[in-house]
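Asks: Before we start, here is the structure in question, set down as structure tokens.
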Amino acid sequence: MFEKSNQTPLKKNKDVVLLIKGLIIGKVLILLVIGGLLWWLKPQLWSSATATNQTSENPVATTNGSTYDRTTGVPSGTFNYGGSAAWIPIRQVVDAQIQQARPELQLRYIQPPNGNLSSSVGIQMLLDGKLDFAHSSRPLTAAEKALAQKQGLTLAEIPIAMDGIAAVVHPSLQISGLTVEQLQQIYQGKITNWSQLGGENLPIVPYTRHPQDGSPVAIFSTSEQAFGTNVRSVNSTTAALRLVNQTPGAIYYASARAVVHQCGVKPIPLGENSDRFVAPYREPLSQPCPNQRHQPNLAAFTDGSYPLTRNLYAIVKQDGGRAQQAGEAYTKLLLSDQGQQAIRQAGFVQAAASTAQNKLAN
């Protein structure tokens, strides 16, 4: 009895030791198996994580298209540029990216002497030798081409982006839309009361930027088109929006990106004819401003269903010098896939690619 009772605990202890050893060996084997799987999967997991980060932080990094880094012919140095106020969003968004990606191309914006940002002033500063290239929201005029020719210069106008033009009125005005012809007749002084367009008996008060800013080109085919005597000029879009908000019969037109999201005015649909009006903003809008602001109708600008658009141009000297090299490199950066994606983020759409490429090649 005594021997039997003395051997049983010893045997049990041995069994416990063997069990513990088995558990330890089992855990080690499991860890080895897991480690092997992780080692085998590591390249795939890393690749997936990298792709996810690139997609969320830098969408362009995963595309196969042209980027800032791949653009060739970019010179080193500091180059002056300036011009149209319509280009401000591009200068803020796209040019900032270019400066980071291509630091050798130092872009220096030159403020005009009178502080008035306009296409005309920028082109004149280019002809005066104060700029290496210029921004414009309209094509070159015959007078500007002639002046350049007198100086022995040729200027290229390279379309970079397309901008929708929106008309805005006082929020209380009840009107379903305007045809492009009706908008033109308002600014020609042929339509002077909203009752002529199905609205209330209220005099129309049209506002515009100064003609030298290229404003007539936005709604007429040329900058030489004369406004009616009832049209009032303003120095800035900010001033115009304030006046429209304070004047029940007022109307103003400008870049859709600059005006459609404003709460103090109402953007109105436009059409080639009265059978179909297209809004310059995305629909539907479920909540009123300011809870949810309008956004430009980029799809309508792109497919041509919206009837009033204009190109934004880079004006580049064709003199064979460093100014031409810088201007053409700048336009190539803007016309790259990465540049065009950033331009869309800034609220614009792509200009006709074939036209831009042909201009750049000449």
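Asks: Can you pull out every residue in region 243-267 that is farther than 18 Å from Ala279 by Cβ, out of contact with any strand residue (DSSP E or B) (no Cβ under 6 Å at 6 or more places or on another chain) and assigned to a strand (DSSP E or B)?
Replies: none
Asks: Does Ser76 meet the test of being open to solvent by 30 Å² or more (accessible area, probe 1.4 Å), hydroxyl-bearing (Ser, Thr, Tyr) and at pLDDT 50 or above?
Replies: Yes: the conditions hold for Ser76.
Asks: With the structure loaded, tell me whether Ala240 is assigned to a helix (DSSP H, G or I) and either of a type in the set (Phe, Trp, Tyr) or surrounded by 20 or more Cβ atoms within 10 Å (Cβ to Cβ) (or both) or whether it fails that test.
Replies: yes
Asks: Right, next: What is the number of the single condition among (1) open to solvent by 10 Å² or more (accessible area, probe 1.4 Å); (2) touching a strand residue (DSSP E or B) at 6+ places or on another chain (Cβ under 9 Å); (3) farther than 18 Å from Arg209 by Cα; (4) not in a helix (DSSP H, G or I) that Pro139 does not meet?
Replies: Evaluating Pro139 over (1) open to solvent by 10 Å² or more (accessible area, probe 1.4 Å); (2) touching a strand residue (DSSP E or B) at 6+ places or on another chain (Cβ under 9 Å); (3) farther than 18 Å from Arg209 by Cα; (4) not in a helix (DSSP H, G or I) leaves (3) as the failure.
Asks: Would you pick out the residues in region 275-294 that are open to solvent by less than 80 Å² (accessible area, probe 1.4 Å) and either basic (Lys, Arg) or in a loop (DSSP other than H, G, I, E, B) (or both)?
Replies: Hits for region 275-294 are Phe277, Ala279, Pro280, Leu285, Cys289, Gln292, His294.
Asks: Looking at region 150-180, which of its residues are under 27 Å from Ala85 (Cβ atoms) and open to solvent by 50 Å² or more (accessible area, probe 1.4 Å)?
Replies: Listed by number, the residues that qualify are Gln151, Thr154, Pro171.
Asks: Of the residues in region 199-236, how many are open to solvent by less than 50 Å² (accessible area, probe 1.4 Å), at pLDDT 90 or above and in a strand (DSSP E or B)?
Replies: Selection size over region 199-236: 5.
Asks: Mind counting the residues in region 243-268 that are within 22 Å of Arg310 (Cβ to Cβ) and within 21 Å of the chain's Cα centre (by Cα)?
Replies: The total comes to 11.
Asks: Any idea how many residues of region 275-295 are modelled with pLDDT of 90 or more and not charged (D, E, K, R)?
Replies: 5
The values are calculated or read from the model by the stated rules, or taken from the named source; none is laboratory data. Quick caveat: nothing in here was measured; it's all calculated off a predicted structure. When we count neighbours, we look across all protein chains shown, and the Cβ atoms used for this are built from the backbone with ideal geometry, even at glycine. Heads up: the accessible areas ignore ligands, DNA and RNA and are worked out on the full protein's heavy atoms, side chains in. Shrake-Rupley method; radii C 1.70, N 1.55, O 1.52, S 1.80 Å.
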